[in-house]
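S.K.: Okay, handing you the structure first.
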Amino acid sequence: MIKKLTTYIPFLLVFLILGIVSFFPIQENSNQGVLVNDISRMNPTYVKEIILADSIEKIQNVIKRANKENLKVSMAGTKHSQGGHAFYDGALLLDMTGLNKILSLDTANKIIHVQSGVTWSQIQEFINPHGLAIRAMQSSNIFTVGGSMSSNVHGRDPRNSLIVETIEDFRLVLSTGEIVNVSRDENQELFSLVIGGYGLFGIITDVRIRLKKNNILDKEALLLDYKDFPEFFRKNIIGDPKVELFIARPSISSGSFLRETIVNLWKTADIQKNSDDAIYDLLGEENVIRDRFFFSLSREFDLGKDLRWYLQKELVAQVDKKYFISRNNSMRPPTAPLKFLDHISPYNSDIIQEYFIPIDNFVSFIDGMRLILNEQKVNLLGVTIRYVPKNNETFLTYGKKEAFSIVVYSNQKLSDSGMEKAQKMTRSLVDLALYNAGIYYLTYQKFYTKNQMKSAYPEIDQFFAKKIEYDPKELFQNKFYNRYSK
């Protein structure tokens, strides 16, 4: 393998250089406004102006101005939603990262009160000295709380998967500029519409979130055949109350493609440490250049995919080895790194798709997905599996039934033919999900058809009607809404 690898050294040096370059989604002003984009670089949009939302008064002034000048308002956090949810042509774009203060912490009741632009990383740093940890968030900790709520994200804890289940209440600025309290008891309908509502009903200013104890966990990884995973999950994950976190990763290697599967488990350890023990110290991302190098290699060569899968088993997951780690460190780098994924290229982009498949239909979906990805020659970079319970608290719920969350990470060309290929892949996988009584996640690209959307989310027309009811002038706008509501 080393001999083969030397053949690609000139290419590898190029990838290494590219990997060091940072990606800037906002460009200079032009006559059309300010050009912005999300992490996928598939939604270039000229907004009229970017305004840092660092106070409620400033937000209300923007709304007042938009109403007076007949403008639209969009909101963005870290710009990781990839379906046009954060931008709209000619809109006033509110940069919500300005609302970045932690307001209070109730250690007795394990509740934190934060502004919506606070990141999960900030929360972890603040609560770690108090022996507390986050219940539900994405695998990575760089995202804002408001953006996570607007997408109704889920995480790796099988018993605390959905963010909606952790929300106590929040404040919302309506299209009139009025501020209202929103909870399960007050403005209940807005609670269900705003969480998972992609910023279409108002601007979240602050929120109270339930936390939990920062336990010491026993980390282990096992290697399974994908056909054995559903039974293993029922017996050894959802059936074991000690499991606090899990994630499964099917193989991207040609020799075991979507068959061999690494299952990572974090269980509550029998022995907990003293609160001042060094094991509670927060860690950071490591080996970024090394990991970016191997990931870049896998974008271009099958050899790179084979090598990454080998390293995943031997170096990253450490199959059949155990070690102790705190819950907070299990939910942040280096356990959940992100920087090594940074990718800049004028020719291609890494995109995500996500599907929620009933446990009994998991094997059927994976078999169908393997066929689609092979036939369409999709450049697959990774697949991960999590779990979401049945939950109907949000209007546009993807938790219509208990399901596995299957995340598909691929590299797509930015050319017209590349975009057509990405669209074909998406529509094929959506049809496969629907065939298997599943559903797809609305947070990603606008490649699915309106009919597919209505099949997956039959309540979508009612959702759009509620949007008009609460925002009759359609002040809050984004490309997702404009594409599918008309």
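S.K.: Give the residues of the range 283-342 that are in contact with a Lys or Arg (Cβ under 6 Å, 6 or more places away or on another chain), more than 19 Å from ALA269 (Cβ to Cβ) and among the hydroxyl-bearing types (Ser, Thr, Tyr), sorted by residue number.
M.R.: Selection gives SER298 alone.
S.K.: Another one. Given the criteria in contact (Cβ under 8 Å) with a residue 40 or more places away in the chain, within 29 Å of ASN109 (Cβ to Cβ) and of a type in the set (A, V, I, L, M), does VAL263 qualify? I'd like the intermediate steps shown before the answer.
M.R.: Working: in contact (Cβ under 8 Å) with a residue 40 or more places away in the chain: yes; within 29 Å of ASN109 (Cβ to Cβ): no; of a type in the set (A, V, I, L, M): yes.
It is false that VAL263 is in contact (Cβ under 8 Å) with a residue 40 or more places away in the chain, within 29 Å of ASN109 (Cβ to Cβ) and of a type in the set (A, V, I, L, M).
S.K.: Mind listing whichever residues of the range 51-79 are among the β-branched types (Val, Ile, Thr) and crowded, with 18+ Cβ neighbours inside 10 Å? Spell out how you get there, then give the answer.
M.R.: Looking only at the range 51-79, we keep the residues that are among the β-branched types (Val, Ile, Thr), and these are 51, 56, 59, 62-63, 73, 78.
Answer for the range 51-79, where residues must be among the β-branched types (Val, Ile, Thr) and crowded, with 18+ Cβ neighbours inside 10 Å: ILE51, ILE59, VAL62, ILE63, VAL73, THR78.
S.K.: Determine, yes or no, whether VAL243 is over 18 Å from LEU132 (Cα atoms) and surrounded by 18 or more Cβ atoms within 10 Å (Cβ to Cβ). Reasoning before the result, please.
M.R.: Values: over 18 Å from LEU132 (Cα atoms): no; surrounded by 18 or more Cβ atoms within 10 Å (Cβ to Cβ): yes.
The answer is no for VAL243.
S.K.: Of these, GLY117, GLY98, which one is surrounded by 22 or more Cβ atoms within 10 Å (Cβ to Cβ) and at pLDDT 95 or above? Full working, then the answer.
M.R.: Values: GLY98 fails: surrounded by 22 or more Cβ atoms within 10 Å (Cβ to Cβ).
On inspection, the qualifying residue turns out to be GLY117.
S.K.: Any idea which of (1) at pLDDT 95 or above; (2) open to solvent by 10 Å² or more (accessible area, probe 1.4 Å); (3) more than 16 Å from the chain's Cα centre (by Cα); (4) closer than 24 Å to TYR484 by Cα is the one LEU414 doesn't satisfy?
M.R.: Only one criterion is unmet by LEU414, namely (1).
S.K.: If ARG208 satisfies every condition in (1) open to solvent by less than 10 Å² (accessible area, probe 1.4 Å); (2) closer than 23 Å to LEU132 by Cα; (3) not β-branched (Val, Ile, Thr) but one, which is the exception?
M.R.: (1)
S.K.: Considering only the range 308-409, give the strands (runs of 3 or more DSSP E) lying wholly within it that have at least 1 residues that are touching an Asp or Glu at 6+ places or on another chain (Cβ under 6 Å) and surrounded by fewer than 16 Cβ atoms within 10 Å (Cβ to Cβ).
M.R.: Working: elements: 322-326, 348-358, 379-388.
Those strands (runs of 3 or more DSSP E) span 322-326.
S.K.: Given the criteria open to solvent by 20 Å² or more (accessible area, probe 1.4 Å), in contact (Cβ under 8 Å) with a residue 24 or more places away in the chain and under 19 Å from the mean Cα position of the chain (by Cα), does GLU165 qualify? Lay out the reasoning, then the answer.
M.R.: On the way: open to solvent by 20 Å² or more (accessible area, probe 1.4 Å): yes; in contact (Cβ under 8 Å) with a residue 24 or more places away in the chain: yes; under 19 Å from the mean Cα position of the chain (by Cα): yes.
Yes.
S.K.: Now for a different question. Which members of the range 403-414 meet the condition of being out of contact with any Pro (no Cβ under 6 Å at 6 or more places or on another chain) and under 22 Å from PRO250 (Cβ atoms)? Don't jump to the end; show me each part of the working.
M.R.: Going through the range 403-414, the residues out of contact with any Pro (no Cβ under 6 Å at 6 or more places or on another chain) turn out to be 404-414.
Result: PHE404, SER405, ILE406, VAL407, VAL408, TYR409, SER410, ASN411, GLN412.
S.K.: Can I ask one more? For the subset of the range 438-486 comprising residues that are of a type in the set (Asp, Glu) and in a loop (DSSP other than H, G, I, E, B), which member is least open to solvent (accessible area, probe 1.4 Å)? Let's see the steps before the verdict.
M.R.: Here is the first cut: in the range 438-486, the residues of a type in the set (Asp, Glu) are 459, 461, 469, 471, 474.
Among the residues that remain, those that are also in a loop (DSSP other than H, G, I, E, B) are: 459, 471, 474.
Values: GLU459: 32, ASP471: 1, GLU474: 40 Å².
Checked the range 438-486; the qualifying residue least open to solvent (accessible area, probe 1.4 Å) is ASP471.
The values are calculated or read from the model by the stated rules, or taken from the named source; none is laboratory data. Just so it is clear, the model here is predicted, and its values are computed rather than measured. So basically every Cβ, Gly included, is an ideal-geometry build from the backbone, and we count neighbours across all protein chains shown. The area values use the complete protein model at the heavy-atom level, side chains included, leaving out ligands, DNA and RNA. Shrake-Rupley method; radii C 1.70, N 1.55, O 1.52, S 1.80 Å.
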